[in-house]
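Participant: One structure is given below, represented as structure tokens, and several questions about it will come after.
The values are calculated or read from the model by the stated rules, or taken from the named source; none is laboratory data. Since the model is a prediction, treat every value here as computed from it, not as a measurement. All Cβ positions, even for glycine, are placed from backbone atoms using ideal geometry, and neighbour counts span all protein chains on display.
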Amino acid sequence: METLWFWAVAYMLVMYVVLDGYDLGTGIIHLYAGRTDIERRTMLKTIGPVWDGNEVWLIAAGGTLFFAFPTLYASSFSGFYLPLIIVLWLLMLRGLGIELRHQIDHPMWKTFWDSSFTLGSLLLAVFFGAALGNVVRGVPLQKDGFFFEPLWTTFTVVPESGILDWFTVLMGLVSLSTLTAHGANWVAMKTEGEIQARARHAARRAWMGVLLTSVAAGIAVSVIRPGIWDNFFSLPLGFLFPLLGLLGIVGMIYFNIQGKDFLAFLSSSAFIVGMLAATAFGVYPTLLPASTDPAYSLTIYNSAAKPYALGVGLIWWIIGILLALAYVTYLHIAFKGKVTKPVGEDGY
């Protein structure tokens, strides 16, 4: 049951990164691909019906974590207090950038909120990557299961390191380049003309960054935490996950060059799914490794709720996840196809 909930949480986080990932990527290239007010409003229309719904997956993952692994939830939300607050403010900044830009019809007002939208999206991508880097690297957990990390210490990978060091920043750059490519593929798929051309160009430059940072991160992970490969050698079927990621980046490059935007978007989605699933497979059954003493690490066994609670909760989780999938599917079908340039004020 603990393993089932581990993959349930992993699944919800992967869904969040794939879905809200293209929202973040759209924000990152917002000022580059959209040069005029009409073009920027057009880009916002590509995510307007879905962006807030996509963020629900993050909230749902946090709720599931609270229910299934309460010890991990308590430890993480205290130790990562500072970056979580930063992420919360960045999420609000993005939402304000989208919702407030049309309230006053003045170029300075719109430029300010457009810049806020881009800045919030860019920093969120970096912080989410750094968060994943902390999970892979480990945190200074104490015997009582709690820890605290400052924003940075020596900027090197040491047992008492901070949120940011060279490794977590590298992971942040992987996330930034990946979500930029993912969002650019989305915008190219949903638009036409000059916006589409600029989005394709942004995707082309971003996948070069994905390739370089991913190779560097793979080498760094093997040096910092070589044990992450143990599960793969114990169960070689797990190599299907990094293989999916490899096929995803190859497809992203090939289909971008061919101008097949939908297939390029599916490829960037496959890359995200493959690499996140490979990471989850590699760290299992550890949820949060301790950089101080491996014995202090939080695993699915010492962090999970009672078996009865997990069993009952699974019923309601299945019902909820089916409703969420039905809603996401309906929303994307209802708003499929290219967006049109706005004529009057429509909220975006």
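Participant: So which residues in the stretch 288-312 are among the aliphatic types (A, V, I, L, M) and part of a loop (DSSP other than H, G, I, E, B), if there are any at all? Give the derivation first.
Facilitator: Start the filter on the stretch 288-312 by keeping residues that are among the aliphatic types (A, V, I, L, M), which leaves 288, 290, 295, 298, 300, 304-305, 309-310, 312.
Across the stretch 288-312, the qualifying residues are Ala304, Ala305.
Participant: Scan the stretch 73-85 residue by residue and report those that are closer than 17 Å to Ile163 by Cβ and in a helix (DSSP H, G or I). Spell out the reasoning first.
Facilitator: To start, the set of residues in the stretch 73-85 that are closer than 17 Å to Ile163 by Cβ comprises 75-85.
Passing the criteria: Ser75, Ser76, Phe77, Ser78, Gly79, Tyr81, Leu82, Pro83, Leu84, Ile85.
Participant: Need pairs with beta-carbon distance below 9 Å; first residue more than 15 Å from Ala197 (Cβ to Cβ) and surrounded by fewer than 17 Cβ atoms within 10 Å (Cβ to Cβ) and within the stretch 251-267, second modelled with pLDDT of 95 or more and charged (D, E, K, R); sequence gap 6+ or separate chains.
Facilitator: Tyr254/Lys260
Participant: Next up: Given the structure, is Pro242 out of contact with any Phe, Trp or Tyr (no Cβ under 9 Å at 6 or more places or on another chain) and of a type outside the set (A, V, I, L, M, F, W, C)?
Facilitator: Working: out of contact with any Phe, Trp or Tyr (no Cβ under 9 Å at 6 or more places or on another chain): no; of a type outside the set (A, V, I, L, M, F, W, C): yes.
Spelling it out, it is not the case that Pro242 is out of contact with any Phe, Trp or Tyr (no Cβ under 9 Å at 6 or more places or on another chain) and of a type outside the set (A, V, I, L, M, F, W, C).
Participant: What number of residues in the stretch 212-240 are in contact (Cβ under 8 Å) with a residue 12 or more places away in the chain and either touching a strand residue (DSSP E or B) at 6+ places or on another chain (Cβ under 8 Å) or of a type in the set (S, T, N, Q) (or both)?
Facilitator: Of the residues in the stretch 212-240, 3 are in contact (Cβ under 8 Å) with a residue 12 or more places away in the chain and either touching a strand residue (DSSP E or B) at 6+ places or on another chain (Cβ under 8 Å) or of a type in the set (S, T, N, Q) (or both).
Participant: Let me ask another. Among the residues of the stretch 42-59, is there at least one that is among the aromatic types (Phe, Trp, Tyr), in a helix (DSSP H, G or I) and over 26 Å from Val328 (Cβ atoms)? Steps first, answer last, please.
Facilitator: Applying the first criterion (among the aromatic types (Phe, Trp, Tyr)) to the stretch 42-59 yields 51, 57.
Imposing the further condition that a residue be in a helix (DSSP H, G or I) reduces the set to 51, 57.
Then keep just the ones that are over 26 Å from Val328 (Cβ atoms); that gives none.
No: the stretch 42-59 contains no residue that is among the aromatic types (Phe, Trp, Tyr), in a helix (DSSP H, G or I) and over 26 Å from Val328 (Cβ atoms).
Participant: Test each condition in (1) farther than 19 Å from His182 by Cβ; (2) among the hydroxyl-bearing types (Ser, Thr, Tyr); (3) under 17 Å from the mean Cα position of the chain (by Cα) for Ser269 and report the one that comes out false.
Facilitator: Among (1) farther than 19 Å from His182 by Cβ; (2) among the hydroxyl-bearing types (Ser, Thr, Tyr); (3) under 17 Å from the mean Cα position of the chain (by Cα), the lone unmet condition for Ser269 is (1).
Participant: Let me ask another. Name the single residue, out of those in the stretch 299-337 being surrounded by 10 or more Cβ atoms within 10 Å (Cβ to Cβ) and hydroxyl-bearing (Ser, Thr, Tyr), that is farthest from Gly282 (Cα to Cα).
Facilitator: Once the filter is applied, the top-ranked residue is Tyr330.
Participant: Kindly list the number of the only condition in (1) buried (at least 19 other Cβ atoms within 10 Å of the Cβ); (2) more than 24 Å from Gly129 (Cα to Cα); (3) of a type in the set (Lys, Arg) that fails for Arg35.
Facilitator: Single failed check for Arg35: (1).
Participant: Step by step: first the residues of the stretch 89-113, then only those that are of a type outside the set (A, V, I, L, M) and crowded, with 22+ Cβ neighbours inside 10 Å, then the one that is farthest from the chain's Cα centre (by Cα). Which residue is that?
Facilitator: Arg101
Participant: For the subset of the stretch 281-298 comprising residues that are surrounded by 19 or more Cβ atoms within 10 Å (Cβ to Cβ) and small (Gly, Ala, Ser), which member is nearest to Gly248 (Cα to Cα)?
Facilitator: So, considering only residues that are surrounded by 19 or more Cβ atoms within 10 Å (Cβ to Cβ) and small (Gly, Ala, Ser), the one nearest to Gly248 (Cα to Cα) is Gly282.
Participant: Let me ask something else about it. Taking the condition of a type in the set (Val, Ile, Thr), over 28 Å from Tyr73 (Cβ atoms) and either touching a Leu at 6+ places or on another chain (Cβ under 7 Å) or modelled with pLDDT of 95 or more (or both), does Thr180 pass?
Facilitator: yes
Participant: Could you please let me know if Trp113 is assigned to a helix (DSSP H, G or I) and free of Cβ contacts under 8 Å to residues at least 12 places away in the same chain?
Facilitator: So Trp113 does not fit the description; no.
Participant: Taking interchain pairs and intrachain pairs at least six residues apart, which have beta carbon atoms under 6 angstrom, with the first residue in the stretch 46-71 and surrounded by 15 or more Cβ atoms within 10 Å (Cβ to Cβ) and the second polar (S, T, N, Q) and part of a helix (DSSP H, G or I)?
Facilitator: From residues that are surrounded by 15 or more Cβ atoms within 10 Å (Cβ to Cβ), the pairs are Ile47/Thr26; Phe69/Ser303; Thr71/Ser303.
Let's see how each residue does on (1) under 24 Å from the mean Cα position of the chain (by Cα); (2) touching a residue at least 24 places away in the same chain (Cβ under 8 Å); (3) at positive phi:
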residue	(1), (2), (3)
Pro285	yes, yes, no
Tyr296	no, yes, no
Ile318	yes, no, no
Ala324	yes, yes, no
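Participant: Any idea which residue in the stretch 153-204 is nearest to Lys260 (Cα to Cα), counting only those that are β-branched (Val, Ile, Thr) and part of a helix (DSSP H, G or I)?
Facilitator: Only one residue tops the list, namely Val187.
Participant: Restricting the search to the stretch 129-183, which residues are among the hydroxyl-bearing types (Ser, Thr, Tyr), more than 21 Å from Tyr16 (Cβ to Cβ) and touching a residue at least 60 places away in the same chain (Cβ under 8 Å)?
Facilitator: Ser161
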